[in-house]
Amino acid sequence: MSVLDGFKEVGERTGGKLTMTVMLESVRFSKGVSEVLGRPEYVKLLVNYERGKFAIQVCDENDDFALQFNAPNADTPSSVTTRNLDLLVATQKFFTFPEVPADKIAFFALDGEYHSDERVIIFDAKNGVRSGTVGKRGPKAGHGGRKRRKIDDVKEATVIGANNAL
């Protein structure tokens, strides 16, 4: 018999930091985001332009705006990177990326707040945003590699994506 018999944990398991990292050509959600949401196969991404907030919410594959997030039956949580064009366009309403050397990538990191009743994490793009640069991974300049799309035009959108895979 333990002195802790009958006790239960107070609060919610957070699974580590809940971070959305916005880069010019991709957005990465931390391993904690995947874990606290229960490693969902599908999510939907939302934006509130007036309040400057993004949200990621668990949904099923039949939702009109479902995006594949984790592989089916994912055993361990991992960070998830998306190059979803609708999400990238939406993020550029809030962030201006500085010019950086070719071997660097500029980023903005947003901390999230989990709301278990709606299985959603909300990220605030106006408060507490960290920014900086990191070294670029992948092929060195002049060694070929995959050409990336540039986002030249920012369009008004209130719903992010429609049946696009991450």
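Just so it is clear, none of the values below were taken in a lab; they were calculated from the coordinates. Quantities reported herein were computed from a predicted structural model and do not represent experimental measurements. Reconstructed Cβ throughout: ideal geometry from the backbone, glycine too, with neighbour counts over all protein chains shown.
Worth a mention:
- Gyration tensor (alpha-carbon) shape descriptor, the range 3-130, a/c threshold 1.5: prolate
- Rounded if a/c under 1.5, otherwise prolate or oblate - the range 47-86, Cα gyration tensor axes: prolate
- C-alpha center-to-center spacing [the range 46-65, the range 116-135] in angstrom: 14 Å
- Packing here is the average count of other Cβ atoms within 10 Å per residue, and on that basis the peptides 91-101, 34-44, 48-58, highest first, run 34-44, 48-58, 91-101.
- Formal net charge of residues neighbouring LYS17 (Cβ-Cβ distance under 9 Å; K, R +1; D, E -1): 0
- Positive minus negative residues near ALA71 (Lys, Arg vs Asp, Glu; Cβ under 10 Å): -1
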